[in-house]
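The values are calculated or read from the model by the stated rules, or taken from the named source; none is laboratory data. Remember, it's a predicted structure, so these values are computed and weren't measured experimentally. Here Cβ is always computed from backbone atoms with ideal geometry, including for glycine, and neighbour counts include all displayed protein chains. Just so you know, the surface numbers come from the protein's heavy atoms only, side chains and all, with ligands and any DNA or RNA stripped out. Shrake-Rupley method; radii C 1.70, N 1.55, O 1.52, S 1.80 Å.
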Protein chains: 2
Amino acid sequence: MPKDKTIKRKDQITLIAQNKFREKGYRAVSMRELADHVGIEAASFYNHFDSKESILKEICFRMADEFFNRIEIVINEEKLPDKILEKAIESHIKVITANTDASAVFFLDWRYLSEPYLSEFLELRRKYENIFRKIIKEGMDKGLFEKLDETFTVLTIFSSLNWVYEWYDPKGRFTPDQIAENLSKLILDGMRK
Amino acid sequence: MPKDKTIKRKDQITLIAQNKFREKGYRAVSMRELADHVGIEAASFYNHFDSKESILKEICFRMADEFFNRIEIVINEEKLPDKILEKAIESHIKVITANTDASAVFFLDWRYLSEPYLSEFLELRRKYENIFRKIIKEGMDKGLFEKLDETFTVLTIFSSLNWVYEWYDPKGRFTPDQIAENLSKLILDGMRK
DNA sequence: TTGATTAACTAACATTTGTTAGCAAAGATA
DNA sequence: TATCTTTGCTAACAAATGTTAGTTAATCAA
């Protein structure tokens, strides 16, 4: 069988898994239930994935990649802390709204990863948060942002951003751009000197 | 056996359950694992609870009660929208920081409730959110807050508040009061006209 | 055309799951 | 003292779980 057809099936499984994991939570979805939705037998999964957990791994680390790829572009393009933060927020929101199912898994079900993947995942998250922390510190040092606790500020920013997957509706009132704009305004106005 | 001793045991189970559910997620904690930590056999739970799910129910609805009890006091005491919002935020943070384990279950594991409890739970949550929505609408109408989308604003406020259980540390740098104060400032400055 | 690979199947496995039945001891109530 | 209730136990059950073994048909590369 051609390589691309294989990839298609694997992606199809990942897509359906994302959707079911999001709906019911990773632990509440059995291989047999997943199989029903894909249209194969549970045992057939093992031609594509090593284990149930490896499907979860795929989803979580793929999302991490997305976040990193996007933010790296922002960092290389912008130079001023407040402008970088604005663009970083936009980048983050774009990734979430473009992958709401995967986001739910990324934000809720990562905890079911076993070692060493759990540690690897947490390390990636820490790195990503540090990018934001650095931006904020620079903004404070340059007198653009009010001097608040960095960790506290970063946590609060991520809190408001990371909840968007829960209520974002592609057919709803707000476009991803509008959400990013509103959040940027709310957050930056709260921070600005 | 005396009634109060019964209540003690039930509370002890709830406390340990909260802790384990928080640590591993409701679905990942078995009755036998829970039993080990309580120091009884799994079957003995059924002298105190009808089912595993009824432990979850207890935790979720007890937290809902806490949130409502606290906020009602605030509403009866304060009259100005920005002052009410400030006090409401404080109230919310106090409940979370005083019950971090239960909060984690309340925010993450409620989805494993089955009907009709799931609907009942969601209805309570909706009611609670509406209290905040009303405060914000009043603030906007009176020209205290900038006119933004109410739903959007409420969701963003809750996002930042509801994440606190995740990082709050009783032995850490911030007291619940300081957290409430910082969040109030960040949020209200972002909203104020 | 031959041989290897891919992806599906059926059947079964060992565990783990929540839960029930039946029983015993301890304390409360009369 | 006699009875009832509470709370624990052991043993077991039926269902669900992730996974493996073994097989088969189709497709690709030589």
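Once the Cβ-Cβ distance of residue B:28 and residue B:130 is raised to the sixth power relative to R0 = 41 Å, the FRET efficiency obtained is 0.80. Relative to the longest principal axis of the Cα atoms of chain B, the long axis of helix B:81-98 makes an angle of roughly 20 degrees. Other protein chain C-beta atoms within 10 Å of residue C-beta, averaged over A:182-188: 4.
Every pair of different Cα atoms in region B:83-155 enters the Kirkwood calculation, which places the hydrodynamic radius at 13.9 Å. Going by alpha carbons, how many degrees (0 to 90, nearest 10) lie between the helix axis of B:52-77 and the longest principal axis of chain B? Result, in degrees: 30. Annotation for the A:B interface, with buried accessible surface near 3000 Å², both sides summed [1.4 Å probe; non-protein components not counted].
Send over the semi-axes of region B:59-105's equivalent ellipsoid, whole angstrom and largest first, taken as the square roots of 5 times the C-alpha gyration tensor eigenvalues.
Working: eigenvalues 97, 23, 7 Å².
Output for region B:59-105: semi-axes of 22, 11, 6 Å.
Ranked from shortest, the separations from the 7 Å Cα-to-Cβ label point of residue B:130 to its equivalents in the other copies are 4.7 nm.
Cross-link pairs exceeding 27 Å between alpha carbons, from the set A:171/B:127; A:24/B:94; A:127/B:24; A:20/A:134; A:24/A:94: A:24/B:94; A:20/A:134. R0 = 22 Å: FRET efficiency of residue B:94 with residue B:189, Cβ-based, nearest 0.05? Once the sixth-power term is evaluated, E becomes 0.55. Classify the protein assembly as shown from the C-alpha gyration tensor, please: rounded if a/c falls under 1.5, else prolate or oblate depending on whether a/b exceeds b/c. Note, shape of the protein assembly as shown comes out oblate. Straight-distance candidates among the aspartates and glutamates for linking to residue A:147, with alpha-carbon spacing under 13 Å and chain neighbours fewer than 8 residues away dropped: A:138. Per-residue mean of foreign Cβ neighbours for B:157-163 is 6 (Cβ atoms of other chains, 10 Å radius).
For residue A:40, inter-copy separations between label points set 7 Å beyond Cα along the Cβ vector come to 4.6 nm, shortest first.
What is the gain in length, in nm to one decimal, between residue B:37 and residue B:141 on full extension, counting 0.36 nm per residue of separation less the C-alpha to C-alpha distance?
Taking residue B:37 through residue B:141 to full extension adds about 32.2 nm, to one decimal.
Over chain A, the pair-distance histogram of Cα-Cα distances with 5 Å bins from zero comes to 1, 7, 15, 17, 17, 14, 11, 8, 5, 3, 2, 0, 0 percent, rounded to whole numbers. If each label sits 7 angstrom from Cα along the C-beta direction, how far apart, in nm, is residue B:142 from its counterparts in the other copies? In nanometres, ordered from closest: 3.9.
Among B:41-54, A:16-29, the peptide with the highest mean count of other Cβ atoms within 10 Å heads the list, and the full ranking is A:16-29, B:41-54.
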